[in-house]
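Data block below; observations after.
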Amino acid sequence: MARKKISSGSKFEALLGYSRAVRDGEWVFLSGTTGFDYKKHVISKDVVAQTKQMLANMEWGLKQAGARFEDVVRLRLYMVRQKDFERVARVIGERFGHIRPANTMITSAFADPRILVEMDATALLRPKRKKAAKRKVARR
C-alpha cells in the first residue's frame, strides 16, 4: 500500500504541516491527539472527559487508516499534571488493558493551556489469516 495521509481538517495540521495519521505499508502512525471535540469545537475542563474524547478521536484516526485499537503496539501519553495520572490511567486502562501496548507517560506543557492530556500511537497491521477450510472426512 502506498503512503496514505489522513487529515481531520484541524487548522493546526495546516499550520504545522502534519497529518492526523499516516499509514505507510503495515504501519500506522497517529499524531498526538487531544480531547478536543472537533464537531463542537470545544474542550472540557475535566481531565477524564478530555481523556475519553481523546480516545474517541484516536479511534477515528486509526479507523481512517484501516486500523483499530487492537493493532496499537506503542502509546505515548503526555499530561500537564502528575496528580491526574491515576484518573487518566483508569480510562486508558479500560480501553487498552487487554491489548497492553508499550507505553510511556510524560508530563509536559502544551501550547494551548486548556489541553490537559494528549496521546500518540503506533499501530502495526497484520495480515488477516484465512480460516483453514474444514475438510469433511467420510465416515465408513
Item to check | Residues of segment 63-94 satisfying the condition of being within 30 Å of ALA2 (Cα to Cα) and either assigned to a strand (DSSP E or B) or out of contact with any strand residue (DSSP E or B) (no Cβ under 6 Å at 6 or more places or on another chain) (or both) | outcome: LYS63, GLY66, ARG68, PHE69, GLU70, VAL72, VAL73, ARG74, LEU75, ARG76, LEU77
Checklist entry - Looking at (1) among the aliphatic types (A, V, I, L, M); (2) surrounded by fewer than 13 Cβ atoms within 10 Å (Cβ to Cβ); (3) not in a helix (DSSP H, G or I), which is the one condition that is false for LEU15? => result (3)
Checklist entry - Does LYS52 satisfy being assigned to a loop (DSSP other than H, G, I, E, B) and either within 12 Å of LEU116 (Cα to Cα) or not aromatic (Phe, Trp, Tyr) (or both)? => result no
Item to check | Residue selected from segment 93-105 under the condition small (Gly, Ala, Ser) and closer than 19 Å to ASN57 by Cα, by the criterion surrounded by the most Cβ atoms within 10 Å (Cβ to Cβ) | outcome: GLY93
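Kindly establish whether ARG90 is modelled with pLDDT of 95 or more and loosely packed, with under 14 Cβ neighbours inside 10 Å.
Spelling it out, ARG90 is indeed modelled with pLDDT of 95 or more and loosely packed, with under 14 Cβ neighbours inside 10 Å.
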Checklist outcome for this item: Reported set for segment 34-46 where residues are part of a strand (DSSP E or B) and over 17 Å from ALA111 (Cβ atoms) is ASP37, VAL42
Checklist entry - Quick check: is even one residue across segment 106-129 surrounded by fewer than 12 Cβ atoms within 10 Å (Cβ to Cβ), at pLDDT 95 or above, over 13 Å from the mean Cα position of the chain (by Cα) and not in a loop (DSSP other than H, G, I, E, B)? => result yes
Checklist entry - Do we find that LEU30 is among the hydrophobic types (A, V, I, L, M, F, W, C) and surrounded by 15 or more Cβ atoms within 10 Å (Cβ to Cβ) in this structure? => result yes
Item to check | Residue match in segment 23-33 (condition: among the hydroxyl-bearing types (Ser, Thr, Tyr) and not in a loop (DSSP other than H, G, I, E, B)) | outcome: yes
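Look through GLN64, GLN53 and report the one residue that is surrounded by 14 or more Cβ atoms within 10 Å (Cβ to Cβ) and out of contact with any Gly (no Cβ under 8 Å at 6 or more places or on another chain).
After applying the criteria, what remains is GLN64.
The values are calculated or read from the model by the stated rules, or taken from the named source; none is laboratory data. Just so we're clear, the structure is a prediction, and the values are computed from it rather than from any experiment. As a convention, Cβ positions derive from the backbone with ideal geometry for all residues, glycine included, and neighbour counts pool all protein chains shown.
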